[in-house]
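Q: Here it is, the structure, as structure tokens.
Just so it is clear, none of the values below were taken in a lab; they were calculated from the coordinates. For clarity, every value in this text was computed on a predicted model and none was experimentally measured. Positions of Cβ are backbone-derived with ideal geometry, glycine not excepted, and every protein chain shown enters the neighbour counts.
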Amino acid sequence: MEGGLRPEGRAINLSTIYQGFKSSLRPLGLLGPAGLWLFLLMVLPTILIGELSFVPGLKPGQPILGYGLLNYLRILEPTYLQVLKRSATFATGTTLLCLLLGFPVAYWLALMAPKRWRNLLLVLFILPLWTSSLLRTYAWITLLRPSGVINLVLSTLGLPTQSLMNTPWAVYIGMTYSFLPYMVLILYASLERLDLSLLEAAADLGANPRVAFWRVTVPQTFPGIAAGGLLVFVTSLGDFVVPTLLGGPSSMTISRLIYNQFLGVARNWGFGSALSMVLILMVSAAISLLLKYGDRNPEMYS
Amino acid sequence: MPRRLSHNSSLLSRTSRRRFLQGSAAVLAGVGLSNCRRTVGNVDTAASETTAAAPSSGAAGDGVLHIYTWADYTDDELAAQFTEATGIDVKIDVYDSNETMLAKMQAGGGANYSLIYPSDYMVTEMIGLGMLTELDKSRLVGLDKILEKWQSPVYDPDSSHSVAFSWGTTGLLYNSEVLTTPPEDWNYLWENRDVLSRKLTMLDDVRETMGAVLSSLGYSYNATEPAQLEEAYKKLLDLKPALASFKSFGWQDELLSGDLLMSMVYSVEGIPVSLENPKFKYVIPASGSSVWTDTMVIPTSAPNVDAAYEWMNFNLQPKVSQETVERLFFATPNGEAMSMLSKELLDNKNLFPPEDLLAKCEGIAPVGDANALYDEYWTKVTSA
């Protein structure tokens with residue numbers, strides 16, 4: 001601003017602004033197409049849903065009569081809080097299970113598996129993602145149901161059979177299976193660039209492998225753990241297929257509740273929109289946590 | 001009321017998933033479009049009426065007829081026969097619930113459909129919303145063959161907007177080798193909770209399942225009294241230890257393999273299973289269940305109205321109706337088609353229940369604001 005006080009300084013400033021404008025045209029032009037799509041397909045629909053969420057009890061075919069917070073207050077009723085709690089529990093449990101199962105696999109893939117096999121092993125791990133998640137969930141019905149494959153194996157071995165189908169456990173199993181590849185992929189990327197010389201240094205300084213793991217490896221890969229955890233949490237929070245098909249009679253989750261508000265008997269689009277906004281907010285909160293505490297160089301993953 | 005989509009469970013649910021995705025897309029699109037007019041989901045009737053009028057000036061029955069229906073109400077054979085008879089190509093899309101269909105039509109995603117198949121209560125609702133064309137009866141041949149009961153049904157008193165196409169009931173399909181005392185009424189479920197322990201499915205449909213419980217309590221299937229709904233909700237909670245899941249589709253495999261002992265099903269899905277495998281029996285509970293009618297209607301947004309009338313006339317032919325019934329196992333409201341059916345099918349008490357039992361069954365009727373209450377109790381039941 002100091003320069004702006006002197007006449008010659010203003011002239012320089014104007015030309016730099018012009019220069020800056022000119023040089024920002026190119027990136028703006030390049031961002032344009034993506035930005036337009038993002039605006040049309042994400043920002044605009046979210047704003048529209050946001051607007052509808054403030055119309056209490058809006059039904060299709062009804063004019064918008066007035067705005068209010070009733071839809072949001074309704075979510076605070078115990079019935080719906082229970083649904084939110086169940087969704088969050090399913091998502092948290094799935095994230096922890098994926099981390100528990102995914103970390104050793106990613107560690108082995110990134111650090112221990114023979115180098116020339118690595119890419120192939122990675123592809124094999126991602127292969128299930130190429131089939132529809134619905135088909136994979138149906139496969140779990142075949143495995144889990146009382147006369148299913150798992151119980152057949154158990155009873156042949158003389159072990160007691162399990163009744164997992166239509167329980168929360170079936171949901172955890174199905175969702176963990178569905179989202180494990182995401183976790184492994186991200187942890188792999190993170191572990192692959194782990195600086196091994198740091199581990200050697202730790203060993204030189206007298207750390208045993210366990211201490212080295214907790215004090216060197218884990219902090220080094222924490223951004224990857226956070227990113228993988230977030231991805232699994234966000235996708236499992238909004239999952240519709242697995243709870244519907246495997247969850248049994250007590251598996252109402254937020255995504256099923258939203259579906260019921262739009263296509264079920266109540267057809268309360270206002271309440272459905274409010275629930276959608278809450279889901280969007282929960283996901284945004286998770287993402288902002290990642291941005292704040294997670295990986296500061298996310299481009300390294302791509 | 002969802003119907004049998006396919007014999008293969010995974011394929012059928014794929015279909016419904018796809019329907020769901022399309023439905024949600026339609027909903028989103030509808031939210032966007034309708035918002036511009038400050039009225040959500042109001043079909044733009046003015047614009048569509050002009051498009052509806054336009055093709056009728058052309059030669060009768062050309063172009064393509066787009067139909068939106070329950071899966072398997074119209075199989076390839078029926079479409080092929082129609083094309084052969086009239087030269088009109090048929091394109092069929094399917095839905096799995098009246099509500100999905102309504103959402104798509106209201107969102108404007110169904111503008112190319114000339115003919116849809118709503119159930120009874122949905123006909124009333126759509127007439128109320130001004131979404132259905134009043135039928136020109138002079139263009140319909142064979143209406144007189146429809147049984148009297150469906151000439152003036154409750155849902156559309158003088159049949160001015162709909163032609164009855166099929167009807168059926170809701171009931172229980174059970175494994176008679178394990179459940180040796182045949183169930184007779186809804187209360188069987190509560191009395192045999194221990195035997196059924198997580199081997200029972202009920203329909204994933206609020207109105208049907210709550211209706212069944214209401215019926216077991218001696219109330220109407222269409223109760224709107226909050227106290228009665230509360231009582232039904234509590235009774236349904238009592239049944240939860242016996243329930244494996246709420247499922248409208250995909251129970252077939254599990255029932256056949258013995259993982260389930262009993263399922264609440266629509267007759268059009270249950271009867272074929274019982275005919276194929278006598279071990280499984282279909283029963284309509286004695287205190288009454290729901291009886292539904294599906295109809296053919298022309299939406300106000302319909303293009304190619306001529307072809308829609310052709311399709312209605314084609315299906316009104318007794319011979320066509322009889323053949324469809326023999327392939328797809330629904331009851332027909334067409335009197336002359338009934339007289340042509342084999343004695344075996346006519347004597348099937350499940351397909352054509354005796355009058356005194358039918359008198360106890362109720363059609364699902366719109367319940368207005370009580371819908372919100374039904375939905376709330378349903379959320380409570382499924383999240384308890």
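Q: Please go through the stretch B:238-255 and pick out each residue that is outside any strand (DSSP E or B) and within 10 Å of chain A (Cβ to nearest Cβ).
A: Residues of the stretch B:238-255 that are outside any strand (DSSP E or B), as a first pass: B:238-242, B:247-255.
Answer for the stretch B:238-255, where residues must be outside any strand (DSSP E or B) and within 10 Å of chain A (Cβ to nearest Cβ): B:LEU239, B:LYS240, B:PRO241, B:ALA242, B:LYS247, B:GLY250, B:ASP253, B:GLU254.
Q: Looking at the stretch A:236-278 only, could you name the residues that are touching a residue at least 60 places away in the same chain (Cβ under 8 Å) and either assigned to a loop (DSSP other than H, G, I, E, B) or of a type in the set (Lys, Arg) (or both)?
A: Result: A:ASP239, A:GLY247, A:SER251, A:MET252, A:THR253, A:ARG267, A:ASN268.
Q: Does any residue of the stretch B:114-122 turn out to be of a type outside the set (Ser, Thr, Tyr) and either within 13 Å of chain A (Cβ to nearest Cβ) or out of contact with any strand residue (DSSP E or B) (no Cβ under 7 Å at 6 or more places or on another chain) (or both)? Spell out how you get there, then give the answer.
A: First, pick out the residues of the stretch B:114-122 that are of a type outside the set (Ser, Thr, Tyr): B:115-116, B:118, B:120, B:122.
Then keep just the ones that are either within 13 Å of chain A (Cβ to nearest Cβ) or out of contact with any strand residue (DSSP E or B) (no Cβ under 7 Å at 6 or more places or on another chain) (or both); that gives B:122.
Among the residues of the stretch B:114-122, at least one is of a type outside the set (Ser, Thr, Tyr) and either within 13 Å of chain A (Cβ to nearest Cβ) or out of contact with any strand residue (DSSP E or B) (no Cβ under 7 Å at 6 or more places or on another chain) (or both), which makes the answer yes.
Q: If a residue has to be within 14 Å of chain A (Cβ to nearest Cβ) and of a type outside the set (Lys, Arg) to count, how many in the stretch B:338-384 make the cut?
A: Step one: list which residues in the stretch B:338-384 are within 14 Å of chain A (Cβ to nearest Cβ), which gives B:364-384.
Then keep just the ones that are of a type outside the set (Lys, Arg); that gives B:364-379, B:381-384.
Residues meeting the conditions: 20.
Q: Can you pull out every residue in the stretch A:91-122 that is farther than 24 Å from A:PRO219 by Cβ, among the polar types (S, T, N, Q) and touching a helix residue (DSSP H, G or I) at 6+ places or on another chain (Cβ under 6 Å)?
A: Passing the criteria: only A:THR94.
Q: Do we find that A:LEU38 is exposed (fewer than 11 other Cβ atoms within 10 Å of the Cβ) and either more than 24 Å from A:ILE280 (Cα to Cα) or more than 12 Å from chain B (Cβ to nearest Cβ) (or both) in this structure?
A: Numbers: exposed (fewer than 11 other Cβ atoms within 10 Å of the Cβ): no; either more than 24 Å from A:ILE280 (Cα to Cα) or more than 12 Å from chain B (Cβ to nearest Cβ) (or both): yes.
When the stated conditions are applied, A:LEU38 does not pass them.
Q: Moving on to the next point. Return the total of residues in the stretch A:269-286 being under 17 Å from A:VAL232 (Cβ atoms) and exposed (fewer than 15 other Cβ atoms within 10 Å of the Cβ). Outline the logic, then answer.
A: Initial filter on the stretch A:269-286 (under 17 Å from A:VAL232 (Cβ atoms)): A:279, A:282-286.
Next cut, exposed (fewer than 15 other Cβ atoms within 10 Å of the Cβ) only: A:284-285.
So the count comes out to 2.
Q: Select from the stretch B:194-227 the residues that are more than 13 Å from chain A (Cβ to nearest Cβ), surrounded by 16 or more Cβ atoms within 10 Å (Cβ to Cβ) and not in a loop (DSSP other than H, G, I, E, B) and write down the one among them that is nearest to the chain's Cα centre (by Cα).
A: Looking at the filtered set, the residue picked out is B:ALA212.
Q: Does B:ASP120 satisfy the condition of being under 20 Å from B:THR69 (Cα atoms) and in contact (Cβ under 8 Å) with a residue 40 or more places away in the chain?
A: Numbers: under 20 Å from B:THR69 (Cα atoms): yes; in contact (Cβ under 8 Å) with a residue 40 or more places away in the chain: yes.
Answer is yes for this residue.
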